[in-house]
1. Looking at (1) closer than 20 Å to residue 251 by Cβ; (2) crowded, with 19+ Cβ neighbours inside 10 Å; (3) not aliphatic (A, V, I, L, M), which one does residue 211 not meet, given that it meets all the others?
2. Inspect the stretch 129-136 for any residue being closer than 24 Å to residue 98 by Cβ and not charged (D, E, K, R) and give the result as yes or no.
3. If the Cβ limit is 7 Å and pairs must be 6+ apart or interchain, which residue in the stretch 110-121 that is farther than 12 Å from residue 150 by Cα and of a type in the set (D, E, K, R) pairs with which residue that is crowded, with 17+ Cβ neighbours inside 10 Å and at pLDDT 90 or above?
4. Looking at 87, 77, 94, which one is touching a residue at least 24 places away in the same chain (Cβ under 8 Å) and closer than 30 Å to residue 267 by Cα?
5. What single numbered condition from (1) in contact with a helix residue (DSSP H, G or I) (Cβ under 7 Å, 6 or more places away or on another chain); (2) modelled with pLDDT under 90; (3) not basic (Lys, Arg) fails to hold for residue 313?
Amino acid sequence: MLFIGVSALVVVGVMAKLSSNQEVIKNEIKQELKTVDYAARATLVKEMNFSDAYTYRGTIEAGKTITLTAETDGKVVYSAIEKGNAVAKGATLVKVDRSTRFSSYQISEDTYNKAKSDYAKLKELQDSGNASGVEVENAKLQMQNAASQLNINKKQIDQTLVLAPESGTVIDKKINQGEYVTPGTTLGSIACLNEVLVNVFVQENEVSRLKKGAAVTVRADAYPGVTFTGKVSAIIPVASAAKTFPVEIKIINDKPQKLLAGMNVSVFFGDEKRSTVLVIPRSALTGNKKQAAVYLIHLSRHPVLTPIVLGKEYDTYLGVSSGLKAGDTVMTSGLLNVEPGKKIQWFTIQK
């Protein structure tokens, strides 16, 4: 009987321990399931003034870069190719020794003059019946051959001079006076800046509004307050990996403030008048491709998913056409913590 009583007490004790453990586990589960408040950041929906023009950044490029090459062989006896030198179209940049070619030119000139004189004399003799037609034709052929050789020698003389094909600035030098060159030797390079280019990459939702030949406004960082006018010279119909389209802008570089290759510029497409727009920061946007939305914070501090209609984009801001009003509070961080029943414990409003 004593054994049975002890056994009963042990069983009661074990059951009590098990019951106690179950209560602990239930409490732990309740704690796990209990919603935990969280912190977040927010901002006020506001109205801001923006230009109606689309703005893109780009870099000035030379309208044309010309590589100068030698057309003949010989020693360079004169060179005006120096980095930074401004050159005018037609200016002599390089002279190659022409002494040997000039001698050949003089000989061919004398030969031509003699052949021309002989042809003229035989023509007169033919008119008086003292020369045959064959003699006259032979003299004419000799004169034509001499003229061809004279033209070849004259061209060789001309090739000893390298002239500037366009006005511009020397940006590279490859030879010095006294060096020997051969046909095809690179002498230097000229950048033509009377007309300059800017290449920008335009978003797909805006490129359809552009037209070739349309005027655009360009402003250079180097010249605050100065406005340049350019024209759309090319719209490349193949998008980049980032889904943007290359657009080339051509600018006549005729202002006192010269645009130089490498300068950073802003290109403005469309009307530059300013409009007041209701905006939110990009960080406030949630939702999906079909429906844009934000988390609107009410006095209860329970975020409410609110559908909105977006307007134009302005760098780090998004225009809102409907769904919000100025002064509304929207979340900008902590969006992944939003769950039904969860409340924002505290939040900071960013200016």
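The values are calculated or read from the model by the stated rules, or taken from the named source; none is laboratory data. Please read these numbers as outputs of a predicted model, since none were measured by experiment. Neighbour counts are summed over all protein chains in view; Cβ atoms, including those assigned to glycine, are modelled from backbone coordinates with ideal geometry.
1. Of everything listed in (1) closer than 20 Å to residue 251 by Cβ; (2) crowded, with 19+ Cβ neighbours inside 10 Å; (3) not aliphatic (A, V, I, L, M), residue 211 misses just condition (2).
2. no
3. Close Cβ pairs satisfying both conditions: 116/143; 118/139.
4. Details: 77 fails: closer than 30 Å to residue 267 by Cα; 94 fails: closer than 30 Å to residue 267 by Cα.
Matching residue, one of 87, 77, 94: 87.
5. All conditions pass for residue 313, except number (1).
Conditions (1) more than 15 Å from residue 116 (Cα to Cα); (2) within 37 Å of the chain's Cα centre (by Cα); (3) of a type in the set (Lys, Arg), marked per residue:
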{"residue": "142", "(1), (2), (3)": "no, no, no"}
{"residue": "149", "(1), (2), (3)": "no, no, no"}
{"residue": "171", "(1), (2), (3)": "yes, yes, no"}
{"residue": "177", "(1), (2), (3)": "yes, no, no"}
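Every residue, every condition in (1) modelled with pLDDT under 85; (2) in contact with a Pro (Cβ under 8 Å, 6 or more places away or on another chain), yes or no:
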{"position": "262", "(1), (2)": "no, no"}
{"position": "270", "(1), (2)": "yes, no"}
{"position": "273", "(1), (2)": "yes, no"}
{"position": "279", "(1), (2)": "no, no"}
{"position": "282", "(1), (2)": "no, no"}
{"position": "286", "(1), (2)": "no, no"}
{"position": "290", "(1), (2)": "yes, no"}
{"position": "293", "(1), (2)": "no, yes"}
{"position": "296", "(1), (2)": "no, yes"}
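Residue-wise test of (1) surrounded by 11 or more Cβ atoms within 10 Å (Cβ to Cβ); (2) more than 30 Å from residue 51 (Cα to Cα); (3) not β-branched (Val, Ile, Thr).
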| residue | (1), (2), (3) |
| --- | --- |
| 300 | no, yes, yes |
| 313 | yes, no, yes |
| 316 | no, no, no |
| 324 | yes, no, yes |
| 343 | yes, yes, yes |
| 346 | no, yes, yes |
